[in-house]
1. Given H placed 1.01 Å from N in the peptide plane, which residues other than close sequence neighbours of ALA84 have an amide H under 5 Å from its amide H?
2. If packing is taken as the mean number of other Cβ atoms within 10 Å per residue, what is the order of 63-74, 178-189, highest first?
3. Compare the peptides 116-124, 147-155 by average per-residue count of other Cβ atoms within 10 angstrom and give them in order, highest first.
4. Reachable aspartates and glutamates from LYS65, Cα under 17 Å, same-chain residues fewer than 8 places away excluded?
Amino acid sequence: MTTNPYESPETVSNPPPPSKSIFPKLALRLLVWGGILLLLLALLLPNVRSAREPARRMQCSNHLKQIGLALQNYHDVYQSFPPAYMTDADGKPIHSWRVLILPFMEGKPLYDKYSFDEPWDGPNNSQLHDAIIPAYICPSRLANSKTDTSYVAVIGAQTAWPGEKAVGMEDITDGTSNTIVVVEVANTGKHWMEPHDLDMAQMPMAVNSKSGPGISSAHPNVAMVLFADGHTAPLRTKTPPDTLRRLLTIADGEPIGEF
């Protein structure tokens, strides 16, 4: 074998060491950038939700307006709003006003399947419990159930919902634009067919109170309500109890004040 006279012995006997792998450094960089991206997402998500909230609140208002239109159409036919509930022979509530207005909010096919010969949770009606009524759901709700209602009546002798008795426009002498008929409640836990709502005598006379179920919402600092004339409005968390009480009664004759 001929030896290259220009090649040094070191070059032949000591080949260069293999290059080190760049994988550990690349993996470390990916982990760092991944952590930064996750941090940015965590910071941005609350802002995205905040940006969407006005649209959700508007949609909530539109749902209440749908309910208000159905109530007014019901009134046009029967000359009164529906009763808060219908009872059995023993006086137990078995059918809700939310079922009674279905024909006036594009729910006639479902209404026709509902049986008034048994309670809302009877054998036939239980088969309808998976039915979802979008107008009964606030888009900002925190609960996962899509069959629980976000909107309820406030039942009481002086309200627009005195139990199984029906009230007409002429009974609302405080003015339909000054009288609340439906309120928003966060996480009611009540199926929309269930004939149970808020009891004025038992609920806290406050908005977003922590002392018990009452007028409340996932909307920041307000809860949406529907008035007897069909318009909606936000009630502030700081709405005074006396103002709230006057808004819920139909004929106390007292000035309401700001809310």
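Each reported figure results from applying straightforward, stated rules to the coordinates on display, with no laboratory input. Just so you know, these numbers come straight off a predicted model, no measurement behind them. Counting neighbours? That spans all protein chains shown, and the Cβs are built from the backbone with ideal geometry, glycine included.
1. Correct list: GLY163, LYS165.
2. Numbers: 63-74: 19.8, 178-189: 22.1.
Final packing ranking: 178-189, 63-74.
3. In descending order of packing, they fall as 147-155, 116-124.
4. ASP76, GLU106, GLU184, ASP229
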